[in-house]
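Worksheet: the structure to be examined is printed underneath.
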Amino acid sequence: MAFSKVNRRAKIKRRIRKNISGTSAKPRLSVFRSNKQIYAQIIDDSNGQTLVAASSYNNKAAKGTKKEQAAVIGKEVAELAKKAGIETVVFDRNGYLYHGRVKSLADSARESGLKL
């Protein structure tokens, strides 16, 4: 029997996280997307601490299509990271394809000065 979508993404996520982890010097930018919202966190895995977080859930500026919302959140997380003194991160797509909303978030974070 084939994997369900959830099991397939979990398998891909384990494969990715086996190689990627965030440190104090280079934290991890993790993306989660639900059907309606998109969330981004910058995480220091060595301390188990979320350093910066942004989401489209309560963000008034995140309007328009889902891709446009993702671009706004990418820009916001990059600005918050700069304020926290973070310049480079490791990008964790969290089992999602690097396409659509995930790509839009990553591209806007890069344009805002965050090094992925």
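Here, each number is a calculation from the coordinates, and none is a lab measurement. Keep in mind that what you see is a predicted model, and the values were worked out from it rather than measured. Every residue, glycine among them, receives a Cβ derived from its backbone with ideal geometry; neighbour counts consider all protein chains shown.
Among rounded, prolate and oblate, which fits the range 1-65 when a ≥ b ≥ c are the square roots of the eigenvalues of its C-alpha gyration tensor, a/c under 1.5 means rounded, and a/b larger than b/c means prolate? It is oblate, given that a/c is not under 1.5 and a/b is not larger than b/c.
For S56, the residues whose amide H sits under 5 Å from its own are I38, ignoring neighbours fewer than 5 places away on the same chain, with H placed 1.01 Å from N.
Given the alternatives (1) 19; (2) 26; (3) 46, percent of Cα pairs over 23 Å apart as computed for this entry is given by (2).
Simple point charges give the picture: +1 on the Cβ of Lys and Arg, -1 on the Cβ of Asp and Glu, and for the chain a dipole about the Cα centre of about 660 debye. In the structure shown, the pairs K5/K66; K26/K63; K5/K82; K13/K36 are assessed against 28 Å; a Cα-Cα span above that value is assigned to K26/K63; K5/K82.
Packing order of peptides 19-30, 103-114, highest average first: 103-114, 19-30 (average count of other Cβ atoms within 10 Å over each peptide's residues). Only DSSP H runs of four or more residues enter the estimate; each adds -39500 (n - 2.57), and after division by the residues of the chain the mean residue ellipticity at 222 nm equals -11500 deg cm²/dmol. Taking a Cβ cut-off of under 13 Å around D45, the surrounding Lys, Arg, Asp and Glu residues balance to a net charge of +2, with basic ones at +1 and acidic ones at -1. Note on S34 and Y98: the model spin-label points, each 7 Å out from Cα along the C-beta direction, lie 2.7 nm apart.
In plain terms, the chain from S112 to K83 could stretch by 9.2 nm, reckoned as 0.36 nm per residue minus the Cα-Cα distance.
Select from the range 31-90 those trypsin sites (Lys or Arg not before Pro) which occupy a DSSP coil region and have at most 16 other Cβ atoms within 10 Å, ordered by residue number.
K36, K60, K63
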